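Have a look at the structure below before the remarks.
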Amino acid sequence: MEVLNDIVFQVDMDTLLARLHIDKESEDAKDIQHLLQSAASVARPKAIYEVSYIQHKSHNTVNIGGVTFTSRVLRLNLDKVERVFPCIATCGRELDEIAIASDDFMRQFWLDAIKEMALANSIKYLDDYLKRSYALGQMSQMSPGAGSQNLWPIEEQKQLFSIFGNVKDLIGVELTDSFLMIPNKSVSGIYFPTEIRFESCKLCPREVCPGRKAPYDKNLLESYYKDRTRR
C-alpha cells in the first residue's frame, strides 16, 4: 500500500472561470480569485493505492487480495488480468474546512468546482504514477456505483475500503451509511490494464447525466450478460 500525499494543487484561474461561465472582468471573478487563493493555501489532494492480485474468479465474482467482489462486468473485465490496483483519490479534507455561510449557495458552488479540479489533480497524478512505476500501458478503471446500479453495486464500497484499513486516518476519506464518500469530491475503484479502454458510461442508459464520458452502447451492455453460462 502506498499513500500519495505530495500531489500539487494546480487550478488555472482562466480554466475555472470558463467552467463557471464567469467573465474574467466581472466582480464575481474577483471573488472567485480570492476563494481560489484561500483554497490554494490549504489544499492537499491525496490518493492511496494497493498492488493486488486476483486469487479466484467465479461466474459473477472475483477475489482480489482476499476480498470478494460481486459484479459480472468487473469479473469479465478482469478475465485475462492477474494484477490490479485498488485505489481511492480525493480533493482532500482541507477544502471541506473552508468556511462558507450555509446560505451562500453561489460560493458553495464555486468551491465545489474548485474541489472537482483538485480531485482531477489527484486522479491524474495517480494515473501517471501507476503507469510510470509499474511500466503500464493503457488502463481502465471501474468504481462501485458508477454507471447503472447493477454494474457494480455501490454497497461494495465497503469491501473496497477494507483493502486499505482506516482510510480516514490515511487520506481523510470516510464512507457514510449510504456508502457515499466524504469529502464528496473523492473517487474509489480498481485500475486494471486493458487493450480496449472501458468506460462504465457506455453501459448506463441514464439519459441526463452531466458527468457522462461516453455514449450509451446497448449492444455492449448486452454482450456482458448474453451468455450467463460462461465461467
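The values are calculated or read from the model by the stated rules, or taken from the named source; none is laboratory data. Here the structure is a predicted model, which means the values were calculated and not measured. Note that we place each Cβ from the backbone using ideal geometry, even for glycine, and neighbour counts take in every protein chain shown.
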Being over 19 Å from the mean Cα position of the chain (by Cα) and farther than 21 Å from Glu155 by Cβ, is that true of even one residue in the stretch 60-79?
yes
Could you pull out the residue among Ala99, Ala113, Ala89 that is aliphatic (A, V, I, L, M) and within 21 Å of Ile22 (Cα to Cα)?
Ala113
Can you confirm whether the stretch 163-170 contains a residue that is in contact with a Phe, Trp or Tyr (Cβ under 6 Å, 6 or more places away or on another chain) and either loosely packed, with under 15 Cβ neighbours inside 10 Å or over 22 Å from Thr61 (Cα atoms) (or both)?
yes
When the stretch 19-36 is examined, which residues are found to be more than 22 Å from Ala99 (Cβ to Cβ) and either of a type outside the set (Asp, Glu) or in contact with a helix residue (DSSP H, G or I) (Cβ under 7 Å, 6 or more places away or on another chain) (or both)?
Arg19, His21, Asp23, Lys24, Ser26
Residues (within 15 Å of Asn63 (Cα to Cα) and either β-branched (Val, Ile, Thr) or within 13 Å of the chain's Cα centre (by Cα) (or both)) located in the stretch 151-160:
Gln157, Leu160
From the list Gln33, Gln55, Gln108, Gln37, which one is touching a Gly at 6+ places or on another chain (Cβ under 8 Å), of a type outside the set (Ser, Thr, Tyr) and over 15 Å from Ile171 (Cβ atoms)?
Gln55
Looking only at the stretch 48-80, count how many residues are among the β-branched types (Val, Ile, Thr) and closer than 20 Å to Glu2 by Cβ.
5
Of the residues in the stretch 169-186, those that are touching a Lys or Arg at 6+ places or on another chain (Cβ under 9 Å) and assigned to a helix (DSSP H, G or I) come to Leu170, Ile171
Which listed residue, of Ile88, Ile100, Ile64, Ile114, is of a type outside the set (Ser, Thr, Tyr), modelled with pLDDT of 90 or more and closer than 15 Å to Met181 by Cβ:
Ile88
Out of the stretch 172-197, which residues are more than 23 Å from Gln108 (Cα to Cα) and in contact with a strand residue (DSSP E or B) (Cβ under 9 Å, 6 or more places away or on another chain)?
Ser188, Gly189, Ile190, Tyr191, Phe192, Pro193, Thr194, Ile196, Arg197
Quick check: anything in the stretch 62-76 of a type in the set (Ser, Thr, Tyr) and either within 29 Å of Ala118 (Cα to Cα) or surrounded by fewer than 13 Cβ atoms within 10 Å (Cβ to Cβ) (or both)?
no
Cβ pairs under 9 Å, 6+ apart or interchain, first in the stretch 114-135 and in contact (Cβ under 8 Å) with a residue 12 or more places away in the chain and surrounded by 16 or more Cβ atoms within 10 Å (Cβ to Cβ), second among the polar types (S, T, N, Q) and assigned to a helix (DSSP H, G or I), ordered by first then second residue, are Met117/Thr15
Quick check: anything in the stretch 128-150 in a helix (DSSP H, G or I), within 18 Å of Phe164 (Cα to Cα) and within 19 Å of the chain's Cα centre (by Cα)?
yes
Examine the stretch 29-43 for a residue that is farther than 17 Å from Pro144 by Cα, under 20 Å from the mean Cα position of the chain (by Cα), of a type outside the set (Phe, Trp, Tyr) and surrounded by 14 or more Cβ atoms within 10 Å (Cβ to Cβ), and state whether such a residue exists.
yes
